[in-house]
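Readers should treat all values here as calculations from the given coordinates under stated rules, not as data from a laboratory. The shown structure was predicted, so the numbers you read here are calculated from the model rather than taken from an experiment. As a convention, Cβ positions derive from the backbone with ideal geometry for all residues, glycine included, and neighbour counts pool all protein chains shown.
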Amino acid sequence: MSETASTTSPASKTSPASTASTSSRTPGVPDSNRWKALVFIALAQLMVVLDATIVNIALPSAQQDLGISDGNRQWVVTAYALAFGGLLLFGGRIADLWGRKRAFVLGLGGFAAASALGGAATNEAMMFGARALQGVFGALLAPAALSLLAVMFTDGKERAKAFGIYGAIAGGGGAVGLILGGFLTEYLNWRWTFFVNIPFAVVAALGAYFVIREPRGARNRSPLDVPGVLLSTLGLVALVYGFTRAESEGWSDSLTIGMFVASAVLLLTFVLVESRVKAPLLPLRVVTERNRGGVYLSLGLAIIAMFGLFLFLTYYLQIVQGYSPVRTGFAFLPMVAGMITGSTQIGARLMTRVAPRLLMGPGFLVAALGMLMLTRLEIGTSYAAVLLPGMLLLGLGMGTAFMPAMSLATLGVEPRDSGVASAMVNTSQQVGGAIGTALLNTIAASATTSYIADHIGGATNRSQQQLVQLEGMVQGYTSAIWFAVGILVLAAAIALTFVNAGRPGSTVTGSSDGGARVAGSAAEDVPVPVIAH
């Protein structure tokens with residue numbers, strides 16, 4: 001059976017307990033402070049996204065100061081990834097249970113405290129613990145932020161603008177992290193890559209506390225699904241760690257294989273449990289809806305391609321071209337500008353006029369075209385002739401596709417499910433990032449090794465040998481980028497095939513046929529996705 005979820009009246013099931021909250025508002029009545037709230041939500045999202053890359057720039061300096069061994073340095077990144085990726089579904093459910101505003105503010109406070117601990121770290125254990133805590137509170141903060149947007153912006157045009165801004169930040173924040181990380185590391189100290197989060201978090205938390213008001217009746221007060229929490233957390237941790245370990249130890253490593261097997265068993269058991277329990281952690285209706293499933297899959301694939309590119313271009317610019325960290329960060333600005341333009345000027349303007357798949361599919365294809373240009377990299381490649389247009393097209397395409405994808409991922413979701421639906425967006429991105437880094441790095445390393453083995457024999461002196469090694473590195477990067485082009489084309493195909501939602505109008509209303517229809521526009525007879533129950 002099915003049940004229509006109206007986005008104009010998200011709290012059709014209001015419990016007496018929920019109406020007592022002083023920080024709630026009447027359902028169906030737009031919040032006058034919603035645009036102010038967006039500023040603080042966007043600020044928090046920027047902090048979480050840029051933290052994924054800002055620490056990478058500072059890692060060599062931190063490793064030297066804290067005496068972290070080469071074998072253990074990966075844990076500065078891995079500890080964050082495991083906690084964040086493993087706890088996202090749990091964090092989304094907590095946001096549904098406690099309330100998104102409360103989870104949002106608590107997540108910000110915890111993230112700031114963990115950042116202070118990381119900045120003050122005196123040894124590797126303290127650093128690893130701080131990064132894990134950042135991941136824990138990030139897993140609470142990220143789904144709460146996205147679900148707040150989902151329940152606060154219900155008008156079609158306003159939703160398009162809000163998600164355009166959010167999508168630009170989600171896509172471009174990683175590149176901003178490279179710029180900021182370069183500045184802080186080069187001109188101040190690596191510790192400021194942690195301390196910089198504190199003012200972000202304090203401002204966002206204070207603003208959210210005084211400005212954000214949730215709709216009444218938006219909480220899911222069902223008992224917590226403890227088996228689901230344990231199975232999903234352990235399964236996702238095993239999956240992320242498996243890909244992380246594959247990058248450093250290889251795909252044939254016994255522990256790597258064991259992690260993948262354990263992850264498959266745990267996640268399959270999780271799906272079985274969720275299909276039978278009365279109050280599941282992740283209601284299967286959230287992921288089995290055709291449009292939402294298509295968004296999660298295509299978005300995850302796009303992130304695989306994008307994260308790999310960040311890694312390769314950073315190495316290419318610094319090692320092959322000799323860029324400084326700051327110059328490397330600025331080199332990514334065209335991608336950031338493209339994402340902002342794609343999200344706010346193309347995606348947001350067209351989202352209410354065309355179906356989402358007609359933005360997502362072409363967007364991923366434009367990104368693939370930009371990626372295709374980057375396969376022309378050589379040792380002396382001109383930045384202006386190849387990298388600049390390639391990154392600009394990549395940013396434009398990703399920005400155009402990300403915005404409707406993130407909006408559609410939470411469109412039509414019942415308010416009680418918005419936290420876990422938002423968590424699934426972040427989970428697809430986090431798992432995609434782990435896969436992209438491990439898979440594409442493996443492809444690049446293999447191509448580099450093969451190239452050097454074939455050409456090193458002809459090098460008669462040290463300078464020629466160094467040239468062959470650099471050429472091998474570039475060959476590895478371009479081989480992996482070719483693979484990323486194919487992944488983006490596949491993401492476009494999935495978006496065009498799976499996503500069949502019609503264009504959203506200014507208002508979405510329920511319909512008797514179990515769908516949702518657009519009112520107040522020329523698309524009155526075009527179904528908009530709802531959740532199957």
Stretched fully, the stretch from residue 65 through residue 345 gains (0.36 nm per residue minus C-alpha distance, one decimal, in nm) 96.4 nm
If amide H atoms are built 1.01 Å from N in the plane of the peptide, which residues on other chains or at least 5 residues away come under 5 Å of the amide H of residue 412? none
Around residue 125, what is the net charge, scoring Lys/Arg as +1 and Asp/Glu as -1 over all other residues with Cβ under 15 Å from its Cβ? 0
So how do 65, 96, 155, 454 line up by other beta-carbon neighbours within 10 Å, fewest first? 454, 65, 155, 96
Enumerate the calculated ³J(HN,Hα) couplings along the range 321-336 in order (Karplus 6.51 cos²θ - 1.76 cosθ + 1.60, θ = phi - 60°), each rounded to whole Hz, writing x wherever the residue is Gly or Pro. 8, x, 6, 6, x, 5, 5, 4, x, 5, 5, 7, 4, x, 5, 4
HN-Hα couplings for the range 292-301 via Karplus (6.51, -1.76, 1.60; θ = phi - 60°), in whole Hz with x for Gly/Pro, come out as 5, x, x, 5, 4, 5, 5, 5, x, 5
Using the Cα atoms of the range 239-373, I'd like the radius of gyration and the largest Cα-Cα distance, Dmax, both in angstrom. 19.8, 58
Applying 1/(1 + (r/R0)^6) with R0 = 30 Å to the Cβ-Cβ distance of residue 470 and residue 255, what FRET efficiency is obtained, to the nearest 0.05? 0.35
Among 161, 36, which comes first, then next, by fewest other beta-carbon atoms within 10 Å? 36, 161
In whole percent, what relative contact order does the range 225-280 give with Cα contacts below 8 Å and a gap of six or more residues? 47
Which ordering of 379, 179, 452 is given by a fewest-first count of other beta-carbon atoms within 10 Å? 379, 452, 179
In the structure shown, of 101/278; 157/278; 101/161, the pairs separated by more than 32 angstrom at the C-alpha atoms are 157/278
Would you pull out the residues with amide H under 5 Å of residue 155's amide H, same chain only if 5 or more places away, H placed 1.01 Å from N? none
Test of understanding: what is the full-extension gain from residue 74 to residue 209, defined as 0.36 nm times their sequence separation minus their Cα-Cα distance? 45.0 nm
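Based on the Cβ-Cβ distance from residue 276 to residue 449, what FRET efficiency comes out when R0 is 35 Å, to the nearest 0.05? Please list the in-between numbers first.
Details: r = 48 Å, r/R0 = 1.37.
With a Förster radius of 35 Å, E is 0.15.
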Linear extension gain, residue 221 paired with residue 386, 0.36 nm per residue minus alpha-carbon span: 54.1 nm
Residues residue 460 and residue 113, FRET efficiency given R0 of 41 Å [Cβ-Cβ distance, rounded to 0.05]: 0.10
